[in-house]
Amino acid sequence: MGDLLQDLRIGLRSLSRTRGFTAAAIISLALGIGANSTIFSVVDAVLLRPLPYPAPAELFSLRANQSPPDLRDLREQSKTLQAVAGYAGHPFDLVSGDEPEQLMGTLVAGPLFEALQVQPVAGRVLTQDDDRPSAAPVVVISEALRQRILTGREAIGASLLLSGKSYTVVGVMPKSFRLPEGDSQLWAPLSTGYPEAVEARGAHFLTAVARVAKGAPAQLELDAVAQRLASLNPVDDRDLRFALMPLQERVTRNVRSSLLFLLCAVGLVLLVACANFASLLLARGAARRHELAVRAALGASRFRIVRQLLTESAILALAGGVAAALLAAWGLPALLSLDAAMLPQIASASVDWRVLAATAALAIGAGLFVGLLPALQISRLDVASALKDASPQASGRARMRSALVVAEVALAVVLLAGAGLVLRTLWNLRQTPLGFQPARVLTLRVDLPGARYTQVAQQTEFFDRLLAGVATQPGVQAAGIVSELPLGGNHLTHNALIKGAPPVLEGAEPEVGAHVVSGGYFPALQIPLLEGRLFDARDRADTAQVVIVNAAFARKFFSGRSAIGSRLRFSREEHPRWMTIAGVVGDVREALQDEQEPTAYVPYAQNGSPWHRWESLVVRAAPGAEAMLSRELKQQVWAADPQLPITLARPMEEVLSRSLAQRRLELMLLSLFAGLALLLGAVGIHGLVSYTVSRRTHEFGVRLVLGATRGRVLRMVLGQGLRLALLGLAIGTLVAVALGRLLSSLLFGVAPADPLTYAAIALVIGGTALAACWVPAARAGHIEPMAALRQQ
């Protein structure tokens with residue numbers, strides 16, 4: 001212990017005398033470890049941490065969403081599943097205060113709370129008896145909602161008027177409770193919140209949750225149940241399969257690959273930081289050769305010298321770890337303020353003991369393992385030559401430092417390649433033809449409560465009033481409604497039959513996108529009419545049924561001949577009707593990376609189902625009228641129905657931007673990581689070239705005396721740095737191209753070995769290396785020959 005304390009005192013005293021080196025080493029490690037700690041805190045919360053329910057390993061889901069009847073049949077016929085339930089997000093209107101508001105709730109089908117094994121802080125949870133059509137409407141609310149709207153009142157037994165229906169509060173869930181997906185303020189039975197869907201076997205919208213005992217042969221039983229339901233319901237359940245998967249995998253499947261990709265990328269930053277740390281240690285060791293030789297001459301063993309050097313490395317690493325923890329504590333909130341808030345379970349992310357333990361492990365590893373090789377290299381002293389300030393071992397250390405610099409550059413190239421490919425992907429997505437013009441388009445969501453709008457005629461009358469009022473507003477160029485907004489994340493499909501087409505098996509009809517719209521929707525988004533006509537006032541409930549299809553529909557089903565006048569119907573509607581194709585419009589992308597699929601548009605006035613109570617209003621504003629109209633549109637909605645809340649009021653360009661949120665987050669983080677790696681690589685090149693110039697001062701003086709020009713000396717020094725950069729560039733490019741195939745699923749419109757990306761990287765690396773070498777090269781070019789000769 002005494003020797004260790006002595007090493008610590010000597011190390012602290014030595015490091016305090018070289019403050020520049022100490023600051024550079026700590027900053028280098030803090031950046032590398034801090035970036036890793038920040039990303040690890042996100043990965044830990046989203047991917048590694050168990051779901052916050054008892055026995056989370058027993059919780060499973062089904063890969064595909066399920067319909068209420070299929071899930072109910074599965075619950076009744078399964079013997080191995082301990083509990084099976086489903087849930088789906090659903091908005092509820094609450095009229096209170098100055099304006100009506102919308103609460104995000106959850107519809108519950110089956111014993112969801114029993115499956116999750118969670119308990120309320122007051123009252124009870126929903127049971128299967130609550131999910132009967134004849135049951136009284138009840139609701140469970142969150143503690144936050146109770147505090148906001150029921151302050152000073154007894155929650156249990158209180159009545160809430162939600163979407164025109166009176167619900168009785170039967171339970172309050174704790175503040176910490178959240179479902180695996182979504183963020184809800186209340187939970188209501190499916191049968192009362194969305195009665196139209198209870199018997200809709202073709203409506204697959206429920207996320208399934210099941211608790212399965214360890215070792216139970218559940219999948220075999222589920223396969224048998226699926227086969228039985230398929231035989232009983234050949235139309236709706238023709239391809240039914242209940243594929244079990246861990247619930248946590250279901251929750252994270254859309255973000256897992258991106259997060260692991262970012263974790264690997266930030267790991268490369270740590271490697272660059274460690275290489276830079278090792279290079280700094282070698283440079284400092286070279287400057288301390290005389291001091292260490294004196295220690296050796298006085299009897300210090302090689303082990304004693306290595307221990308002293310490792311102690312100093314550990315001090316630096318621990319200081320870097322503390323700085324990294326502070327950096328992570330600052331960086332995580334900054335990251336969460338960006339698009340990272342969309343990640344599942346991200347609310348639990350924090351710089352807790354797990355993150356601090358990972359930070360400490362990285363710091364200790366950097367101090368001991370990274371510091372060990374430089375310590376061993378430095379401790380190999382030829383005492384006599386070192387005391388005479390000769391340097392027979394300098395070439396070995398120079399080679400090691402050169403290798404570390406090459407490694408730094410190569411790793412920076414890999415990160416730059418990732419950032420460049422994601423940048424090209426984001427650019428390609430932004431340049432993808434949308435099929436519509438989002439500029440100056442305002443949107444807002446209108447959700448008609450089922451309790452007050454039970455009939456299609458009522459819904460049609462409301463939207464007629466709304467569109468008529470909006471059309472009278474100055475600055476409105478066009479206005480319409482659509483059931484699913486493009487790029488909005490929701491998409492509905494139907495199985496379609498084309499009259500006169502070759503017959504297909506029932507249940508195997510081709511699937512097409514389906515939207516309920518008004519005629520003004522197409523001019524509002526400037527979707528071009530290619531053939532025929534748009535919807536107008538003649539398309540009412542009592543007139544001939546018509547439909548508009550997109551160009552992809554016409555290409556797939558009519559192969560070059562006109563689609564106008566042909567007829568189609570949706571095969572799984574409750575009351576199938578033949579509709580005549582009145583027009584063909586241009587293709588519109590529902591999601592940027594998806595292919596444009598065949599799509600059919602139905603006029604809202606002829607919509608035969610009361611399911612489309614949810615519509616988005618889209619309005620094209622005249623130049624400069626957007627701000628004024630964004631206020632007036634809300635007033636028009638309240639003029640048509642003062643009890644309706646306004647939700648998702650945003651420009652169409654914001655909808656487009658949000659659809660790119662995950663890519664933008666990847667690009668920002670990768671660019672940050674690549675910038676850090678490039679900066680550390682530049683520091684490494686600069687340090688190595690500066691060290692070389694200081695060691696070769698006498699040599700340069702001789703060359704100048706013998707006739708070498710200052711320009712030649714300048715080129716020699718620049719050449720050394722550029723050769724290292726080019727070698728790192730070559731190695732990094734090979735590694736990046738090899739790893740690029742793993743990124744194929746994350747890319748769009750760009751190949752993993754994209755020449756333009758790697759050409760840009762070569763320019764960046766070359767320019768950075770040139771800038772890093774210029775100052776020491778210029779210093780070498782201005783050496784005074786006689787002064788340099790006197791240094792020997």
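The values are calculated or read from the model by the stated rules, or taken from the named source; none is laboratory data. The structure presented is a predicted model; accordingly, all values stated were derived computationally and were not measured. Positions of Cβ are backbone-derived with ideal geometry, glycine not excepted, and every protein chain shown enters the neighbour counts. Quick note on the areas: whole protein, heavy atoms, side chains included, nothing else; ligands and nucleic acids left out. Shrake-Rupley method; radii C 1.70, N 1.55, O 1.52, S 1.80 Å.
Arrange the peptides 165-176, 556-567, 596-607 so that the one whose residues have, on average, the most other Cβ atoms within 10 Å appears first. Write down the numbers at each step before the final one.
On the way: 165-176: 18.0, 556-567: 14.0, 596-607: 21.9.
Ranked by mean Cβ neighbours within 10 Å, highest first: 596-607, 165-176, 556-567.
How large is the convex hull of the C-alpha atoms of the chain per residue, in Å³?
Working: hull volume 172.0 nm³, N = 792.
Enclosed volume per residue, from the Cα hull, is 217 Å³.
Leaving out ligands and nucleic acids, note down the accessible area per residue over the range 88-162 with a 1.4 angstrom probe, in whole Å².
On the way: 3460 Å² over 75 residues.
With the other protein chains kept in place, the range 88-162 gives 46 Å² per residue.
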| Mean-position separation - Cα centroids, the range 718-767 and the range 121-145, in angstrom | 58
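Quick one: net charge of Thr252's neighbours, Cβ under 15 Å, K/R +1, D/E -1? Each step should come with its number before you reach the end.
Numbers: positive: Arg49, Arg63, Arg178, Arg250, Arg253, Arg256; negative: Asp44, Glu181, Glu249.
Summing Lys and Arg as +1 and Asp and Glu as -1 gives +3.
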| For the range 93-236, what is the relative contact order in percent, using Cα pairs closer than 8 Å and at least 6 residues apart in sequence? | 28
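If we count every other residue with Cβ under 10 angstrom of Ala45's Cβ, Lys/Arg +1 and Asp/Glu -1, where does the sum land? Could the numbers behind the result be given before it?
Numbers: positive: Arg49, Arg354; negative: Asp44, Asp352.
After counting each charged neighbour, the total is 0.
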| task | Compute the distribution of all C-alpha to C-alpha distances in the range 454-517, in bins of 10 Å from 0, and list the percent of pairs in each, rounded to whole numbers. | result | 16, 30, 30, 18, 6, 0
| Computed Rg/Rh of the range 22-79, alpha carbon atoms with Kirkwood Rh | 1.38
| said: Need the full-extension length gain, Thr454 to Ser562, defined as separation in residues times 0.36 nm minus the C-alpha distance. One decimal, nm. | reply: 35.1 nm
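Shape of the range 431-483 from its Cα gyration tensor (a ≥ b ≥ c, root eigenvalues): rounded if a/c is under 1.5, otherwise prolate when a/b > b/c, or oblate? Numbers along the way, then the final one.
On the way: a/c = 3.09, a/b = 1.65, b/c = 1.88.
It comes out oblate by the Cα gyration axes.
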| note | Expressed in angstrom and rounded, the centroid-to-centroid distance over alpha carbons for the range 502-575 and the range 68-83 is 37
| task | Could you order peptides 514-525, 210-221 by the average number of other Cβ atoms within 10 Å of their residues, highest first? | result | 514-525, 210-221
| request: Take the alpha-carbon centre of the range 398-447, take the same for the range 206-278, and report the distance between them in whole Å. | output: 27
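Mean residue ellipticity at 222 nm from the helices of the chain, using -39,500 (n - 2.57) per DSSP H segment of n ≥ 4 over the full residue count, to the nearest 500 deg cm²/dmol?
-16000 deg cm²/dmol
Keeping every protein chain present and rolling a 1.4 Å probe, give me the accessible area per residue for the range 480-589 in Å². Working shown, then result.
Numbers: 4850 Å² over 110 residues.
Accessible area per residue: 44 Å².
Rounded, prolate or oblate: which fits the range 101-198, taking a ≥ b ≥ c as square roots of the Cα gyration tensor eigenvalues, rounded meaning a/c under 1.5, else prolate when a/b beats b/c?
Because its axes are fairly even, with a/c under 1.5, the range 101-198 counts as rounded.
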| Bridge type composition, the chain - antiparallel percent by DSSP, nearest 5 | 75
| field | Projected area, mean over directions - the range 460-575, Cα convex hull, nm² | value | 8.9
| query | When the accessible area of the chain is split by element with a 1.4 Å probe, what percent falls to carbon and sulfur? | reply | 60
| note | Residue-ordered couplings for the range 637-648, obtained by feeding phi - 60° into the Karplus form 6.51 cos²θ - 1.76 cosθ + 1.60 and rounding to whole Hz (Gly and Pro as x), are 5, 6, 5, 6, 7, x, 8, 8, x, 9, 10, 6
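Give me the net charge for the shell around Gln345: Cβ to Cβ below 15 angstrom, other residues only, Lys and Arg +1, Asp and Glu -1. Provide the component values of the computation, followed by the final result.
Values: positive: Arg49, Arg178, Arg250, Arg253, Arg256, Arg354; negative: Asp44, Glu181, Asp183, Glu249, Asp352.
Charge balance in the 15 Å sphere: +1.
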